[in-house]
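S.K.: I have a structure I would like to understand better, so I am pasting it below and will then ask my questions one at a time.
Read the figures in this text as sums done on the coordinates, not as results from a lab. In this text the structure is predicted, and so the values were computed from the model without any measurement. Methodologically, a virtual Cβ is constructed for each residue, glycine included, from the backbone with ideal geometry; neighbour enumeration extends over all protein chains shown.
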Protein chains: 2
Amino acid sequence: MERRVDQVRRPAVPPPRALLDTFLSSLKETFFPDDPLRKIGKEEGRWRKFVAAVKYIFPIVDWASSYSFSFLKSDLISGITIASVAIPQGISYAKLANLPPIVGLYSNFVPPLVYAVMGSSKDIAVGNSATASLVMASMLEKEVTPLENPTLYLHLAFTAALFAGIFQTTLGLLRLGLIVDFLSHACIVGFMSGTATYVSIQQLKGILGLKHFTASNDIIHMFKSIFSQTHQWKWEPAVMGIFFIFVVLASRFISKKRADLFWVSAITPLTSVVVATLIVYLSHADKHNIEVVSPFFLCIKRTENINIYNQSILQIGYMKEGINPPSLHTMVFSKPLVMVAIKAGIVSGIIGLAEAMAVARIFAMAKNYKIDSNKEMTAFGVMNIAGSLTSCYITAGPFSRAAVNYSSGCKTAMSNVVMATLVLITLLFLMPLFHYTPSTVLSAIIIGAMLGLIDYKHALHLWHVDKTDFCVCIGAYLGVIFSSAETGLAIGVVLSVLRLLLFVARPRTSVLGNIPNSTIYLRMDQNPVARSIPGFLILRIDAPIYFANASYLRDRITRWIEEEEDKLESRAETNIHHVILDLGAVGAIDNCGVGMLEEVKKIMQKRGLIQLVLANPASEVMNKLHKSKVMDFIGREWIFLTVSDAVAACAAGGRNSESV
Amino acid sequence: MERRVDQVRRPAVPPPRALLDTFLSSLKETFFPDDPLRKIGKEEGRWRKFVAAVKYIFPIVDWASSYSFSFLKSDLISGITIASVAIPQGISYAKLANLPPIVGLYSNFVPPLVYAVMGSSKDIAVGNSATASLVMASMLEKEVTPLENPTLYLHLAFTAALFAGIFQTTLGLLRLGLIVDFLSHACIVGFMSGTATYVSIQQLKGILGLKHFTASNDIIHMFKSIFSQTHQWKWEPAVMGIFFIFVVLASRFISKKRADLFWVSAITPLTSVVVATLIVYLSHADKHNIEVVSPFFLCIKRTENINIYNQSILQIGYMKEGINPPSLHTMVFSKPLVMVAIKAGIVSGIIGLAEAMAVARIFAMAKNYKIDSNKEMTAFGVMNIAGSLTSCYITAGPFSRAAVNYSSGCKTAMSNVVMATLVLITLLFLMPLFHYTPSTVLSAIIIGAMLGLIDYKHALHLWHVDKTDFCVCIGAYLGVIFSSAETGLAIGVVLSVLRLLLFVARPRTSVLGNIPNSTIYLRMDQNPVARSIPGFLILRIDAPIYFANASYLRDRITRWIEEEEDKLESRAETNIHHVILDLGAVGAIDNCGVGMLEEVKKIMQKRGLIQLVLANPASEVMNKLHKSKVMDFIGREWIFLTVSDAVAACAAGGRNSESV
C-alpha cells in the first residue's frame, strides 16, 4: 500500500527562503502592486534612468516635450470652459466653508499650477471641492465660530490645509494609498448624497434671505430653524434664487440630452453670476433685502458687530486684489487648536483624495492611460502644502469640474494652467465687480450643483445588486444628514469594514462532488451533475484560515461530518471513512489556522477512525504545516496535489486495507 | 462556432430567492454555525422538546440525571484540590484588584454555584482571575484611587461586574461570540505574558515591604520607584517572600516532571499561606516589619488616614464573617462614574470570556465533548450578574485552576459546587485566621503563578512559524508592560485585524498552468510540471472581490497581462488572445467587484482584442453578474464551468475564426 500511495503526485514543501527575501517580496506585492518603477528600471544607462525618474516625478517633462499646437488649441478651449465653472464655484464653496470668497479664488490659482507640474491625470481640474469644504468647515466650526472669530478661523483653515497636504504626501510616499481603497464606492455615494442634501437645505438660508440660522449640524434643527422664522422670509432673494436654480437645472438638462451642448451647463454658473450682479448693480437691489457678497470679508459682514469687523480688517487686511499673499506666518501651531486643524486636515484630506482618485480613475479608463494612485496622492499633498503657504484652503479634484474638462476636450494638464491664468486675471482686475454679486445666486449655484450629486439611481442599483452595499450607502447618508459629515463617513467605513471582517470570520465551506467521467470536483449545491463518492466527504474552504475563523471552521467541519453521517445513517449507506479538505482556495494560514487543522485531525481520530486528507495546499500552507510540525501529525502521506489524486489513492488504499 | 461553444458545460444563474430567505439563511450560517438547537428540533412531541430545551439551557439537568457515586468520588477529590488553589488565589487576586480579601472569597462562592447549573464545560473551575482583576483595577484606578476612597472603589467594582455580566449575556444571546474570535491566540499570549510580567514586578512591592509605590502603570516607573527606595527595603518580608516563591516554583517543577504528583503544586499555595500565617502568629512577626493582611479592609489599612479608615468601617461595615451580603444597593449608577464602570466591565468581561473560552475549548477537546461558545457566554454573563448582586467582583474561568481540576480527575461541574462549599466553610469559620497572613506570602503566590504565565516558548514558536503572529504577540506584550493593559490589548487586536484587512486588500493572484495529460490546472509558480498554453493567460483570484481589493485586482490583472506580453514579445511567441479568470475561490463579490470585472473587460477591449473569459464562478457571483447586467456586457458565452472547458472552447473557437 505504501508504494501505491507514493506514486501519486504530491505538493512539495517549498525550500526555506531568507526572511528578508520573503519580507521584501511581500512588501513589494503589498505596496507596489502596479510596479511603478518598472519603466525606470528598463532604461539603460544612468542618464536615461535619471530622465525616466524625472519624468516619473514630474509628468509635465514627459508630455511637454511632445506638446503640439493642436493640443494647445484643445487645452485653451477646455481651460476657458473650466475657468467659467471654477470662478463661481470657487466663491460659492468658500462660502460653504465660511471663508472669504477671495480665498476660494486663491485656491483656484496656485494649486492648479502645482498639479499641472506633478499630476499624472490628464482630465482632473483642480480646485476647492464642496465635500472637502463642508467637512473641514463642520470640524473647525466646533472649536472656533467663524462669525465671531473669522481671522482665527481663516488661519485654522490654512493650517488644516497644510496638515492635509502633509498627510496626503506621507500617504503617497509610504505607498499607503490602500487606505483610500477602504472607502467603498457605496460609502462614498452615500456620503456625497448626504452632504449634498445637507448643503442644499443649508443654502435655503441664502435663498430665503435669513439673517439668523441654527449652528446645529443636522437637518432636523435646520428645518426647525427655517420654519420658525417664516415671518423673516424675504421674497426678493427667494424669487431671484429660485429663478437661478431653475436656470442651472435647465442648462444641465439640456447638456445631458445633447452631448454637443455640454458647454451650456458649463457656462451657466458664470453667466448667472454676471447677470445677477448686473441686476443688483442696475436696480440697487442691495438696498432692498438682497444681501450681497463682499469678496474680502464675507463672514465678517454677516456679524453686526462693528468692533470685530474693524479688528478683522486690520488682521485680514493684507488680503486685497492681487495674487495670493503668503500665509506661513498666520498658521496656528499652538495646542489645543492645532489638534483641531490636524484632525480637520486629515479627514478632509482623505475625503478629497477619495473623490479625486475616483475621478482620476474614471477618466483614465475612458482614455486608456494609467494612474498611479500613490503618486497622485503625493502630487495632491504637495499641491495642498504649496496652497496652504499661499492663502489657499484645502483643494482636490471635484468630479463636476473634471467632467466639464473631459467633455470640452482637454488633452493635458495644461488646461489647469489656462484656468489658473484666467483666475489670476479675475484676482488682479475683476474682484471689485463681486461687490454687487448677490448671495442668493451663489446659493442657487451651490444647490444646483448639489442636486446633481444626490445619486439616488446608484442607491437603487445597489439595492438591486447588493443589499449590504445598500445598507452601507444609506447608513452613510443618514449619518451625514442627521448627525455630521464625520459621523456619516465613520458609519459608512465601519459598516463596510465590518462586512469584510464578517466575511473573513465566516468563510464559505462547501461539499464537492465529482463531475461524472472527469477528474473535476465542483460544489454539489450548485452543480446538480456533481455526484458524491461513497465513503468520502470532500469539503472546500474558500478563504484564508486565520484566528478569526479558525474555531468557526473547526465547528463547521465537524457539523458537516455529523450532518453527513446522519444522512447516511438514515439511508443505511456506507459510512464516511475519509474527509478530504480541498485547500486550493486557502491563500494563507496563520498559527491558529494550523492549530485548527491539528484539532480537526484529533477530533476525527476520536470519532471512530475517520481519516483526514488534505488536497491542493498552496506552498504557503505547506510551509507553515511543515514548520509547525503539524504535517508530521497529519501525515505526509495524507496530503495530495489534487482532490482526484486523493480520492484515487485513498480508494485504492481502502481496498487494500480491506483485503488485508 | 456558436454551436460548438454551447456544447460545453456552463454555470447556471441561480433562480432568484426571496430576500427574507437569503437573509435568514445567511443569518443562520453567521450566528448559528454549530446549529445548537438541532438536538431540540430532532425530538418529537412537545414535552420531549421542552425537556431537551431545559437540558440545553441548564446542562445540570442533563448530567445530574445520570450522576453516579463514582462521579461524586472524583468530583469530591478534584473539588477539594481546586478549593486549596481557590482560597489563596481568591485572596491574592483580590489584592491585585485593590479589593478586600474577603471579596475575593465571596467571588469564589456564588459564581461557581451559578456556573454549575448553567455551564456546559466539565472542567472549568470558576473564580476570580488574575488578568481580569488587573484589567479592571487598572481602569477603575484612573478615576477613583482605592487608597483614598476604598468604599467607592469597591462599589464601582461591583458595578463593573454587573455590566460585565450584562455585556456577556447580551453577547451570548445575540450569538455575537464571534467577537471573541477576533482576539487571536498570539494576541492573548502576548497580553497574558505582559500582564504577568507587569504583575510580578508590581508585587516586588509586597516582597520588599515597601509602603509607598508609584501609581504609574508602566514598568519603567515601577523600577524607578523600587530602586529609588533601596533604603526602605526590609529584609524580613524579602526573605519570607523569596522562600515561598522558591517553594511555589519547586512544587510546579515537581508536578511537571511527574504527572502523578500533580497535587503537589495544587496544594502548595494553601500550605504556604497556612505555614506563613502560623510563623507570623507564633513569632509575632507582624510587629517586626512584616505587614499582615486584614481580610476585611486590606486597602484601608494601607492608608494612614484615620478619618477615612473610620468612615470606611462604617460604610463597608456590613462585610463581616458569613456568606455574601447583597450589594445591589451599593451600585453606582450616577454619571460620570457609571461610564468608567461600564468601560471597565466591558473590557475585563471580554478578557475574562476570551480566557474562559480558550480554556473550555482546550479541555473539551481533550475529553471529546462539545462547547457552544455563545451558550457559555450567557452562562458566564448570568454568573457575573448574580455575582455582582452578592458582593462579588468580576469572575471568569482561569486556566491554572481548570488545569488542576482536569488533572485531579473532575467528572462534572459538581467539583465547582464542592469548591464553593469549602469556600463557604472558610467564610463562615476561618476568616479571623487570615488576620495573621503576611502580605509577602500572597505576593509570592501571585509571582509564582504569574511566572508560569509568561509563555516565552510560545512566542519562540510563533517566530518560527509565523512572523506576523509574532509581531502581534510582542506588540501586545510591550503595550502592556510599557503603557497599560488596555493599550496592550488594543495593539494586539488592531495589529491582528490590520493583518486580516491587508490580506483582504491584497489577495493572492496566480498564473495557472495545465498538468500535462489532464484537465487539471494548478499554480505555475509552485508546480513545475504545470505548462502554460500558448495564447492563454489563466489567472486565479484567491479571495472574495470587494471594494477593498477591487482596484488592486484591476491593477494586478493588468500588470500580469503586461508582464506576460513583455515576456512573450522577447521570446517572439504567440501573443495572448484569451485571459481566463478562474473565479473558483471567489467566495463573494460586491458591487465594486462587479464593476472591477466590467472595467477589466473594457481595458482588454482597448488593448488590442484580448478576450476576457470567466471560469467556475460561484452562484453568488453569477447572481450579482446577472443582476447588475455585467453578464451581458462580458457575454454569457464567455463564462464556463471549468478552466479546461474554457480552454477547450476558446481554442476551438479560435481555430474556427482563424479558418474563417
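S.K.: Going 7 Å from Cα along the Cα-Cβ axis for the label, what nanometre distances separate residue A:238 from the same residue across the other copies?
M.R.: Reported distances to equivalent positions: 8.7 nm.
S.K.: Give me the one-decimal nm value for the distance between modelled label points at residue B:48 and residue A:62, 7 Å along each residue's Cα-to-Cβ direction.
M.R.: Placing both labels 7 Å along Cα→Cβ, they lie 7.5 nm apart.
S.K.: Compute the label zone of residue A:456 within the range A:477-502: residues whose backbone N is under 19 Å from the point 7 Å along Cα-to-Cβ.
M.R.: A:477-482
S.K.: Can you give the FRET efficiency to the nearest 0.05 for residue A:13 and residue A:179, using r as the Cβ-Cβ distance and R₀ = 35 Å?
M.R.: That gives a FRET efficiency of 0.45.
S.K.: At a threshold of 8 angstrom on Cα-Cα distance, excluding pairs fewer than six apart, so keeping six or more, what relative contact order does the range A:507-659 reach in percent?
M.R.: Computed over the range A:507-659, the figure is 21 percent.
S.K.: Per residue of the range B:639-647, in order, report the coupling 6.51 cos²θ - 1.76 cosθ + 1.60 (Karplus, θ = phi - 60°) as ³J(HN,Hα) in whole Hz, putting x for Gly and Pro.
M.R.: Working through the residues one at a time gives 10, 10, 6, 9, 5, 5, 4, 4, 4 Hz.
S.K.: Taking R0 as 45 Å, what's the FRET efficiency between residue B:525 and residue A:238 from their Cβ-Cβ distance, rounded to 0.05?
M.R.: So, using R0 = 45 Å, E works out to roughly 0.05.
S.K.: Scan the range B:229-271 for trypsin sites (Lys or Arg not before Pro) in coil per DSSP, keeping those whose Cβ has at most 16 other Cβ atoms within 10 Å, and list them by number.
M.R.: Those satisfying the criteria are B:258.
S.K.: Please work out the C-alpha center-to-center distance from the range A:423-488 to the range B:600-653 and express it in whole Å.
M.R.: Here the two parts' Cα centres lie 37 Å apart.
S.K.: I would also like to ask the following. To make sure I understand, if each residue's beta carbon is the centre and we count other beta carbons within 10 Å, what order do A:621, B:180 fall in, fewest to most?
M.R.: Least to most surrounded, the residues fall as B:180, A:621.
S.K.: Enumerate the aspartates and glutamates that residue A:602 could reach by cross-link, defined here as Cα to Cα under 15 Å, with residues fewer than 8 away along the same chain left out.
M.R.: Once the sequence-local aspartates and glutamates are set aside, what remains near residue A:602 is A:555, A:632.
S.K.: Run the label-point distances for residue B:40 please: 7 Å along Cα to Cβ, every other copy, nanometres, shortest first.
M.R.: Shortest to longest, the spacings are 6.4 nm.
S.K.: Label-point separation (nm) for residue A:651 and residue A:257, each offset 7 Å from Cα along Cα-to-Cβ?
M.R.: Going by the 7 Å Cα→Cβ label model, 6.9 nm.
S.K.: What nm distances, shortest first, do you get from the label point of residue B:362 to those in the other copies when the point sits 7 angstrom along Cα to Cβ?
M.R.: 5.5
S.K.: When chain B is turned about an axis onto chain A, which of its residues keeps its C-beta closest to that axis, and how many Å is it?
M.R.: In chain B, the Cβ lying nearest the symmetry axis toward A is B:585, 2.
S.K.: For residue B:532, what residues show an amide H to amide H distance below 5 Å, using hydrogens built from the backbone and excluding near sequence neighbours?
M.R.: The list, which skips near neighbours in sequence, is B:514.
S.K.: Classify the range B:361-433 as rounded, prolate or oblate from the Cα gyration tensor: take a ≥ b ≥ c as the square roots of its eigenvalues, call it rounded if a/c is under 1.5, otherwise prolate when a/b beats b/c and oblate if not.
M.R.: oblate
S.K.: Straight-line reach from residue B:335: which aspartates and glutamates have Cα under 19 Å away, leaving out those fewer than 8 places along the same chain?
M.R.: B:141, B:143
S.K.: If you rank B:624, B:287 by fewest surrounding Cβ atoms within 10 Å, what's the result?
M.R.: Going from least to most buried by this count: B:287, B:624.
S.K.: Which of the chymotrypsin sites (Phe, Trp or Tyr not before Pro) found in the range B:357-394 are in a DSSP loop and have at most 14 neighbouring Cβ atoms, other than their own, within 10 Å?
M.R.: Counting only loop positions with at most 14 other Cβ atoms within 10 Å, the chymotrypsin sites (Phe, Trp or Tyr not before Pro) in the range B:357-394 are B:369.
S.K.: Give me, ordered by chain and number, the residues 5 or more places off residue A:396 or on other chains with an amide H under 5 Å from its own placed amide H.
M.R.: A:127, A:128, A:129
S.K.: For the range B:69-81, in order, what is each residue's ³J(HN,Hα) by Karplus, 6.51 cos²θ - 1.76 cosθ + 1.60 with θ = phi - 60°, in whole Hz (x at glycine and Pro)?
M.R.: 5, 5, 4, 4, 4, 4, 5, 4, 4, 5, x, 5, 4
S.K.: On a 30 Å Cα-Cα criterion, which of the cross-link pairs A:234/A:257; B:122/B:457; B:55/B:343; A:28/A:411; B:256/B:343 come out too long?
M.R.: Violating the 30 Å limit, Cα to Cα: A:234/A:257; B:55/B:343; A:28/A:411; B:256/B:343.
S.K.: While we're looking at this one, here's another question. Quick one: Karplus J couplings for the range B:362-368, per residue in order, coefficients 6.51, -1.76, 1.60, θ = phi - 60°, nearest Hz, x for Gly and Pro?
M.R.: My calculation for the range B:362-368 gives 4, 7, 5, 5, 4, 9, 6 Hz in order.
S.K.: Let me ask another. Compute the signed sum of charges (Lys and Arg +1, Asp and Glu -1) over the other residues within less than 15 Å, Cβ to Cβ, of residue A:48.
M.R.: Combined, the nearby Lys, Arg, Asp and Glu give +3.
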